[in-house]
Number of protein chains: 2
Amino acid sequence: MPEQNNSHLHALKVSCSNCTLRELCLPVGLNRDELAQLDAVIRQSRRLKRGEYMFRSGEAFKSLFAIRTGFFKTCMSSQDGREQVTGFHMSGELLGMDGISANVHGCDAIALEDSEVCELPFTRMQSLSRDIPSLQHHFYRLMSREIVRDQSIMLLLGNMKADERLAAFLLNVSSRLATRGFAANDFILRMSREEIGSFLGLKLETVSRTLSKFQQQGWIKVDHKHIQLYQTDELKNLISGCIHAQSH
Amino acid sequence: MPEQNNSHLHALKVSCSNCTLRELCLPVGLNRDELAQLDAVIRQSRRLKRGEYMFRSGEAFKSLFAIRTGFFKTCMSSQDGREQVTGFHMSGELLGMDGISANVHGCDAIALEDSEVCELPFTRMQSLSRDIPSLQHHFYRLMSREIVRDQSIMLLLGNMKADERLAAFLLNVSSRLATRGFAANDFILRMSREEIGSFLGLKLETVSRTLSKFQQQGWIKVDHKHIQLYQTDELKNLISGCIHAQSH
DNA sequence: CGTCATTTTGATTGGCGTCAAAAGGTGTGG
DNA sequence: CCACACCTTTTGACGCCAATCAAAATGACG
């Protein structure tokens, strides 16, 4: 049973000061003192098992959540039951920012593997960020990055074909894993074909077929959720025309 | 020639204090004093003629822009020349927030009719928002709203069929016009069929065909850019299944 | 070990893209 | 103000990509 030894609960008292995710998460460029203030605001982290909700659409918004370990999906569900996955999220990423506008969470956040998150009470973060300008700026940057991310997904959903979407998806996962020190070309997908399809605006059969096609061409190896990238150049070629020009 | 009478330049000195857009734009819930501070930060507004750029992708990010009057599109262009419209924007809306993350504008913003914008130098807004908590909170809310907006477009692009997308688009334009005191069911589209298509992930022929179909069914009247909505209920029916459940 | 969920693969369908042409509108210069 | 060129829009015919329907294979989990 999961909670038989409570010893780790003590270890769970989090501290940004010695968190290995510092460069990915909030506390970029803060000094010792400011880090201590941040630590004081962050609630003891929370463990979630696979399938558990971090928050649900419609719940009152009180906190942002930073992923310490694990993997999440965020999704919205329509009235007729279909769900649209709006993102997959890994360690160091901040979830819940869409809840600020209406004080209500706008999507569900669900753990795709056993995970651990830090809770950041928003009003306290807000007042803290008034005292620490670089924290305030960093917050704006994170929200802006989310806007940029969403817009690049709009571009993907609006312009790209099935194989281009899959290629962009695989390369995106790969580079984010690499940023976190994992292997870039050999990884386990935490989500189902259906969830990938929902995210990419495709049906699960199309996802499966396209992965098989990539494998037949020798670009990747697919063994269920275990993916190996052999020829990332070919994948990059596929999407080279669709990505936005880094003009000027 | 456009600038032959400079008299209006004087009139252009903007003031949030007496701006009719207050409820739509930034200064919500500020007192007299705070409004004065805000006015001091906002640069004299700028006039743009149809087709002019407010900013371009790749330009250094220095300011956000609030639309006083007029109509804009934002778009990203891919390396092979195709463009994806990421949004249409009307008075009271704030543009440029995607530039905060990388200090570089991430899209083009182009006037679709003669327009007037207020420039908000970002660093000054940032420091001002430290002094005025409600301004800071409002800023977070605006950025969060942009995230919510983008995600609902992701849902549209990922799940909906052509006619559902068009219906959602028409109803969205209609409600935003109504919010600004214009007629909700009788309006002129400022953008071309191709721009609508780009925004909705459709080709211009499909947009045209679908509008014709709606007209044949008696739901709307299409006279080029002049649109009249006769049966909004039918349009709402069309998308009733796809919109996200307002749970709880 | 049996049941259920997930994934793969095939056959078929349908919606939207593509190509094409004509009509209508817009803007410019004479 | 008109004539002309150009652009936008509409409509039709056709083709293709991905959805749908279906069934078998494989894996996951109690």
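The values are calculated or read from the model by the stated rules, or taken from the named source; none is laboratory data. None of the values given here were measured: they were computed from a predicted structure. Using ideal geometry, Cβ is built from the backbone for each residue, glycine included, and neighbour counts are taken over all protein chains shown. Note: areas computed on protein heavy atoms with side chains; ligands, DNA, RNA excluded. Shrake-Rupley method; radii C 1.70, N 1.55, O 1.52, S 1.80 Å.
In summary, the lysines within cross-link reach of B:LYS225, defined as a Cα separation below 20 angstrom excluding same-chain residues under 8 places away, comprise B:LYS49, B:LYS73, B:LYS203, B:LYS213.
In chain B, the longest principal axis of the Cα atoms and the axis of helix B:204-216 are about 70 degrees apart.
When the Cα positions of A:ALA167, A:TYR230, A:ILE196 are compared along the charge dipole of the stretch A:160-240, A:ILE196 comes out farthest toward the positive end, with charges on each C-beta of Lys, Arg, Asp and Glu.
Counted by Cβ distance under 15 Å from B:THR232, the other residues give a net charge of -2, where Lys and Arg count +1 and Asp and Glu count -1. Each Lys or Arg adds one and each Asp or Glu takes one away; over the other residues whose Cβ falls under 12 Å from the Cβ of B:ILE153, this sums to -1. The mean number of partner chain beta-carbon atoms within 10 angstrom of a residue's beta-carbon across peptide A:157-168 is 3. Toward the positive end of the charge dipole of the stretch B:7-132, with +1 on the Cβ of Lys and Arg and -1 on the Cβ of Asp and Glu, the farthest Cα among B:THR86, B:ILE42, B:ILE132 is that of B:ILE42. In terms of its C-alpha gyration tensor, the protein assembly as shown comes out oblate, because a/c is 1.5 or above while a/b does not outweigh b/c. As a length-normalised measure over Cα pairs under 8 Å and 6 or more apart, the relative contact order of the stretch B:173-248 settles at 24 percent.
Amide hydrogen proximity for A:ASP114: with H placed 1.01 Å from N in the peptide plane, the residues at 5 or more positions away or on another chain lying under 5 Å are A:ARG50. Rounded to the nearest 0.05, the FRET efficiency derived from the C-beta distance between B:THR20 and A:ASN31 at R0 = 45 Å is 0.50. Specify the angular offset, from 0 to 90 degrees and rounded to the nearest 10, of the alpha carbon long axis of helix A:32-41 from the longest principal axis of the alpha carbons in chain A. Its long axis makes an angle of about 90 degrees. Which percent of the accessible heavy-atom area of chain B goes to carbon and sulfur, probe 1.4 angstrom? Roughly 48 percent of what the probe reaches on chain B is carbon or sulfur. Take each residue of peptide B:70-81, count the partner chain Cβ atoms within 10 Å of its Cβ, and average: the result is 4. For the stretch B:160-240, a simple Cβ point-charge model (Lys and Arg +1, Asp and Glu -1, everything else neutral) yields a dipole of about 140 debye relative to the Cα centre.
Summary value for the stretch B:7-132: 34 percent relative contact order, contacts being C-alpha pairs under 8 angstrom separated by 6+ residues.
Backbone phi angles across the stretch B:193-199, fed through the Karplus curve with coefficients 6.51, -1.76 and 1.60 (θ = phi - 60°), yield HN-Hα couplings of 4, 5, 5, 4, x, 4, 5 Hz in residue order; Gly and Pro are listed as x. The spacing between the stretch B:134-167 and the stretch A:194-210, judged by their C-alpha centroids, is 23 Å. Subtracting the Cα-Cα distance of B:LEU204 and B:ASP131 from 0.36 nm times their residue separation leaves 21.5 nm of extension gain.
Here the protein assembly as shown is assigned +1 on the Cβ of each Lys and Arg and -1 on the Cβ of each Asp and Glu. Its dipole about the Cα centre then comes out at about 40 debye.
What does the average come to when, for each residue of peptide B:134-147, you count the partner chain Cβ atoms lying within 10 Å of its Cβ?
Average neighbour count from other chains, rounded to a whole number: 6.
For the stretch B:48-118 and the stretch A:35-71, what is the separation of their Cα centres, given in Å? One Cα centre to the other: 34 Å. Each residue of the stretch A:161-170 was assigned a 3J(HN,Hα) from its phi angle through the Karplus expression (A = 6.51, B = -1.76, C = 1.60, θ = phi - 60°), giving 7, 4, 5, 5, 4, 5, 4, 4, 5, 4 Hz with x at Gly and Pro.
Assign unit charges at the C-beta atoms only (+1 for Lys and Arg, -1 for Asp and Glu), then state the dipole size of the stretch A:7-132 relative to its Cα centre in Debye, rounded to the nearest 20.
260
Indicate the gyration tensor shape class of chain B (rounded, prolate or oblate), computed on the Cα atoms with a ≥ b ≥ c the square roots of the eigenvalues: a/c under 1.5 is rounded; otherwise a/b larger than b/c is prolate and the rest oblate. Since a/c reaches 1.5 and a/b is larger than b/c, the shape of chain B is classed as prolate.
Label-point distances for B:ARG141 to the equivalent site in the other copies, using a point 7 angstrom along Cα→C-beta, read 2.7 nm when ranked shortest first. Among rounded, prolate and oblate, which fits the stretch B:165-248 when a ≥ b ≥ c are the square roots of the eigenvalues of its C-alpha gyration tensor, a/c under 1.5 means rounded, and a/b larger than b/c means prolate? Since a/c stays below 1.5, the shape of the stretch B:165-248 is classed as rounded. Structural descriptor for the stretch A:34-88: relative contact order 20 percent, calculated from alpha carbon pairs under 8 angstrom and at least 6 residues apart.
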